[in-house]
Amino acid sequence: MGSTAVKRSGSGKTIAITSLALFSMFFGAGNLIFPPMLAVQAGDNFWPAILGFLGTGALLPVLAVIAIALSGASVRDLSQRAGTVFGVMFPILAYLSIGAFYALPRTGAVSMETAITPLFGVEGIGASAVFNLLFFGAALALAWNPSTIMDKLGKFLVPSLVILLIVMIVGSLFRWDAQPRTPGEQYADGAFTAGLLEGYLTMDSIAALAFSIVIISTLRMKGFAEGKEIVNSTIIAGLGAGLMLALVYLGLGSIGRVIPSGGQYDNGAGLLADAANLTMGTAGQIIFSLVVLLACLTTAVGLITATGEYFSEQFPGSYKAWAIFFTIWSIVFATQGLNFIMGVAAPVIGFLYPPAIALIFVTLIEPAFRSRTRFTWAMFLPIWVAVIWSAIETFIAQGWAVDALTPLVNWAPLAADGLGWVLPVVVAFVIGLIIDFAKPKPPMVVGTNEAVDGEVVTA
């Protein structure tokens, strides 16, 4: 009895630490600055807007973790089920978007522009290069041994980050009361949808597809049994991380609701910096800078780990070689500044989200139908409709063949809100499901993993 209790206690502690680490990997500077500006712009429509934001900024990443855990497959294995082309290209673009092309260099650029420059008054290419060399050097050092990454994040960095966030949030809420504000144009009508679209920008839904494998690998190395124990533990860790994200988003959004003259701010970084300064003076500015640095550093560590592990598995080169390569790449990109990074990455990010969401939801739905059929067309059709629709909207956003392409997508409900792809994808899924039901259930492919009633079965 005693040994069992110790084992369960240790397992619970490991899951808790893993959940904290996953939260820290999700929570970067973008997550920090979006909620307070959403609160300012949404005004009296704060609650529908923040609930929409939580839908894509907290709930959707958790669903992605659950999808990977239940499927027992990596994002590459899942993607392969939509065809070879999608199976090769989507994982590469996803890992590059959360890695070297966007999210990873963004951690350094945001740290420089929102933490270092306001506090020390240094700016310019030279200062940025020195800072990013130090910042990414520290991130690489922490990510050097991926088997210990969860302990480093969950035991040390995350508690510091959470304490600093609580101090900043509580200080603001005790100092000011919420004031009535007229919603901005974006949130005057359809505040919930506007919040959903804002939550996309966190990139956490795509990142979750990559981070989940890091979580599963860590639990496996910690001695968790294959099958139901790892599946359930991964889901619990994901739910814990999602709950922490939601609570922090609500707290940060509340700062935007109560800060005086919130409409004067152009971005969440300046708003939070002033909130910290007004509530705690110079100490507050230091606290805010530390929050930004820790949030960005923990995310950078997670991104280096996830991208390094994926590319070392799929291409020649060791994990450490790929980690060094992406670190150097990020130093160069981050030194160019945030606007440069956004210009390169924005089209890729916009293109990836619809097929990523389609992949997550189809994977979650499949277990309910597993006794009758295994998704083939129900996986292939909705994902490719999402890919084609998203590609058309990306071309339009870039100004390519606008007159010819716009009528192809403008007819759909919610097209004006950037969600026109939803109905066509749902229709494609239903058609695919009908086709799959009309065919006999295919046998499992040898060498693939599939979760059945919580157990991962290897054929």
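The values are calculated or read from the model by the stated rules, or taken from the named source; none is laboratory data. Because the structure is a prediction, the values reported are computed rather than measured. As a convention, Cβ positions derive from the backbone with ideal geometry for all residues, glycine included, and neighbour counts pool all protein chains shown. With ligands, DNA and RNA removed, areas are computed over all heavy atoms of the protein, side chains included. Shrake-Rupley method; radii C 1.70, N 1.55, O 1.52, S 1.80 Å.
Of the residues making up the stretch 323-342, those that are under 14 Å from ALA100 (Cβ atoms) and either open to solvent by less than 50 Å² (accessible area, probe 1.4 Å) or assigned to a loop (DSSP other than H, G, I, E, B) (or both) are ALA323, PHE326, THR327, SER330, ILE331, PHE333, ALA334, THR335, GLN336, ILE341. Taken together, PHE351, PHE361 contain a single residue that is open to solvent by 30 Å² or more (accessible area, probe 1.4 Å), out of contact with any Phe, Trp or Tyr (no Cβ under 7 Å at 6 or more places or on another chain) and either closer than 30 Å to ALA438 by Cα or assigned by the TED database to the domain that holds GLY124 (or both), which is PHE361.
Within the stretch 389-408, the set of residues being farther than 15 Å from GLY350 by Cα and either in contact (Cβ under 8 Å) with a residue 12 or more places away in the chain or part of a helix (DSSP H, G or I) (or both) comprises VAL402, ASP403, ALA404, LEU405, THR406, PRO407, LEU408.
The set of residues in the stretch 163-181 that are touching a Phe, Trp or Tyr at 6+ places or on another chain (Cβ under 9 Å) and either on the phi > 0 side of the Ramachandran plot or free of Cβ contacts under 8 Å to residues at least 40 places away in the same chain (or both) is empty. Only helices (runs of 4 or more DSSP H) whose full extent lies in the stretch 145-253 are considered here, and none of them has at least 1 residues that are of a type in the set (Lys, Arg) and crowded, with 21+ Cβ neighbours inside 10 Å.
With the structure loaded, tell me whether SER289 is closer than 17 Å to GLY137 by Cβ, open to solvent by less than 30 Å² (accessible area, probe 1.4 Å) and assigned by the TED database to the domain that holds ASN145 or whether it fails that test. Considered against the rule, which asks whether it is closer than 17 Å to GLY137 by Cβ, open to solvent by less than 30 Å² (accessible area, probe 1.4 Å) and assigned by the TED database to the domain that holds ASN145, SER289 comes out as no.
Residues in the stretch 105-121 that are surrounded by 22 or more Cβ atoms within 10 Å (Cβ to Cβ) and either small (Gly, Ala, Ser) or at pLDDT 90 or above (or both) were compared, and the one that is farthest from the chain's Cα centre (by Cα) is ALA115.
Looking across the stretch 392-407, the residues that are surrounded by 15 or more Cβ atoms within 10 Å (Cβ to Cβ) and of a type in the set (A, V, I, L, M, F, W, C) come down to ILE392, PHE395, ILE396, LEU405. Just checking, which of THR14, THR56 is among the hydroxyl-bearing types (Ser, Thr, Tyr) and in contact with a helix residue (DSSP H, G or I) (Cβ under 6 Å, 6 or more places away or on another chain)? Residue meeting the stated conditions: THR56. Against the criterion of being more than 22 Å from the chain's Cα centre (by Cα), on the phi > 0 side of the Ramachandran plot and assigned to a helix (DSSP H, G or I), GLY281 qualifies.
Within the stretch 31-52, is even one residue within 29 Å of PRO355 (Cβ to Cβ), modelled with pLDDT under 85, open to solvent by less than 10 Å² (accessible area, probe 1.4 Å) and assigned to a helix (DSSP H, G or I)? Within the stretch 31-52, one or more residues are within 29 Å of PRO355 (Cβ to Cβ), modelled with pLDDT under 85, open to solvent by less than 10 Å² (accessible area, probe 1.4 Å) and assigned to a helix (DSSP H, G or I).
Scanning the stretch 254-270 for residues that are open to solvent by 50 Å² or more (accessible area, probe 1.4 Å) and assigned to a helix (DSSP H, G or I) gives ARG257, GLY263, GLN264. Hey, among TRP400, TRP389, which residue is touching a helix residue (DSSP H, G or I) at 6+ places or on another chain (Cβ under 9 Å), at pLDDT 95 or above and outside the structural domain of SER97 (by the TED database)? Residue meeting the stated conditions: TRP389. Is it true that some residue in the stretch 2-13 is assigned to a helix (DSSP H, G or I), crowded, with 24+ Cβ neighbours inside 10 Å and among the small types (Gly, Ala, Ser)? Among the residues of the stretch 2-13, not one is assigned to a helix (DSSP H, G or I), crowded, with 24+ Cβ neighbours inside 10 Å and among the small types (Gly, Ala, Ser), which makes the answer no. Across the stretch 136-156, what is the number of residues that are under 19 Å from the mean Cα position of the chain (by Cα) and at pLDDT 70 or above? Residues in the stretch 136-156 being under 19 Å from the mean Cα position of the chain (by Cα) and at pLDDT 70 or above: 2 in total.
Criterion applied to GLY87, GLY83, GLY124 was being free of Cβ contacts under 8 Å to residues at least 24 places away in the same chain, at positive phi and surrounded by fewer than 18 Cβ atoms within 10 Å (Cβ to Cβ), and the one residue passing it is GLY124.
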